[in-house]
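Some notes on the structure that comes next.
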Amino acid sequence: MQYIHSPEDPKLVDYKLLKAKEDPTDKFIADHEKTAVRLLNSSLKVESVFCMPRYWEKHKNLILSKITEPNNCFVADKHVFEDTIGFSVHQGFMAVGYQRWNDLSEASSPILFVNSIVDSENIGSILRSAAAFGIQTVVFDSKSASPYLRRSVRVSMGSLFQIKLVRIIDAVHTLNSLKELGNTILSLSLPREGTDLSLKTKSIYALEKYRKFVLVLGNEADGIDPKILNISDQLVYIPMKNKIDSLNVSHAFAVALSHLIGESS
């Protein structure tokens, strides 16, 4: 363990960039006690931890069981900790981990497919619900925000460490491949009455339970790509009252999962 006395210590460069724009890298920050603990308990590689003394004492055994290089365990008093990261905190415990991405061939059902969702807070909330309801794999297309952005990791409370994460380039090709493997493609979308898609549009409450499925979530503003809607086996909507026509995407996702994945699954 190394006790840090200055916020300018060069060993803390990863922790000094928290308020800067996040550059593409193979590392990420877990900046909350519960999230950092879940990272340490996961199978992901952890490079370092940075914490206040009481968190070191509380989690020392776990930290040392995960980090093979003790010199990568940094401890600092509250004022040094906060001056380093640039803002006040209630929980002075952070860790730097390495991203892990799975290959599509490793995907297992049930699967979530994220189509052009760019809000990192929504991504984090979606991942938390995905883990809570037993989603095994989350597939991200090239237009979606990374689940490893700091805000996503924080909002997810480390739930993403329990799920297979896949990045793909061609959404239609990927979904067709998953369909060939026996997955039903379900797209969560607004009602499509009066269109060519109306025949395969169904209320979530009337939907049967599927053993293997891919649930597609779309962009917060524009919804799901029309090409994806066209190849979907079923379009699913959530009936609502009081002239409310939509929910936040993460909330809608949780409602859908509560019907798609139940006690009989």
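The values are calculated or read from the model by the stated rules, or taken from the named source; none is laboratory data. Values in this document were obtained by computation on a predicted structure and should not be read as measured data. No Cβ is skipped: glycine too gets one built from the backbone with ideal geometry, and neighbour counts run over all protein chains shown. SASA here: full protein model, heavy atoms, side chains in, ligands and nucleic acids out. Shrake-Rupley method; radii C 1.70, N 1.55, O 1.52, S 1.80 Å.
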>> With an 8 Å Cα cut-off and a minimum separation of 6 or more residues, compute the relative contact order for the chain in percent.
In response: 19 percent
>> Using a 7 Å offset from the Cα along the Cα-to-Cβ direction at both residue 121 and residue 61, what is the distance between the two label points in nm, to one decimal?
In response: 3.8 nm
> How about segment 33-92: which chymotrypsin sites (Phe, Trp or Tyr not before Pro) there lie in a loop by DSSP and see at most 14 other Cβ atoms within 10 Å?
Replying inline: 87
>> Relative contact order of segment 30-81, please, whole-number percent, based on alpha carbon pairs below 8 angstrom and at least 6 residues apart.
In response: 40 percent
> So how far apart, in nm, are the two label points at residue 209 and residue 77 if each is 7 Å from Cα heading toward Cβ?
Replying inline: 5.8 nm
>> Suppose we keep just the DSSP beta bridges with both residues in the chain; what percent of those would be antiparallel, to 5?
In response: 25 percent
> Which whole-number value in Å² is the accessible area per residue of the chain, probe 1.4 Å?
Replying inline: 50 Å²
> Label residue 101 and residue 251 with points 7 Å out from Cα along Cα→Cβ: what is the distance between them in nm?
Replying inline: 3.3 nm
> What is the helix-to-structure angle for 171-180, meaning the angle in degrees between its Cα long axis and the longest Cα principal axis of the chain, kept from 0 to 90 and rounded to the nearest 10?
Replying inline: 70 degrees
> If you put +1 on each Lys and Arg Cβ and -1 on each Asp and Glu Cβ, how big is the dipole of the chain around its Cα centre, in Debye rounded to 20?
Replying inline: 580 debye
> Based on the Cβ-Cβ distance from residue 108 to residue 173, what FRET efficiency comes out when R0 is 25 Å, to the nearest 0.05?
Replying inline: 0.85
> To the nearest 10 degrees, how steep is helix 249-260 against the longest Cα principal axis of the chain, on a 0 to 90 scale?
Replying inline: 60 degrees
> Using the beta-carbon distance between residue 162 and residue 25 and R0 = 30 Å, what value does 1/(1 + (r/R0)^6) give for FRET efficiency, to the nearest 0.05?
Replying inline: 0.85
>> Could you work out what % of the accessible surface of segment 47-127 is carbon and sulfur, using a 1.4 angstrom probe and leaving DNA, RNA and ligands out of the count?
In response: 45 percent
> If one takes the longest principal axis of the Cα atoms in the chain, at what angle in degrees, from 0 to 90 and to the nearest 10, does the Cα axis of helix 53-66 lie?
Replying inline: 70 degrees
>> With an 8 Å Cα cut-off and a minimum separation of 6 or more residues, compute the relative contact order for segment 2-98 in percent.
In response: 49 percent
>> Can you show me the helix-derived [θ] at 222 nm for the chain, built from DSSP H runs with n ≥ 4 at -39,500 (n - 2.57) apiece and divided by the number of residues, rounded to the nearest 500.
In response: -9000 deg cm²/dmol
> Only one of the listed values, (1) 1.05; (2) 1.07; (3) 1.03, was derived from the coordinates as Rg/Rh (Cα atoms, Kirkwood Rh); which label is it?
Replying inline: (1)
>> With +1 on the Cβ of every Lys and Arg and -1 on the Cβ of every Asp and Glu, and nothing else charged, how large is the dipole of segment 2-98 about its Cα centre, in debye rounded to the nearest 20?
In response: 360 debye
> What's the extension gain from residue 13 to residue 231 if we count 0.36 nm per residue and subtract their Cα-Cα distance?
Replying inline: 73.9 nm
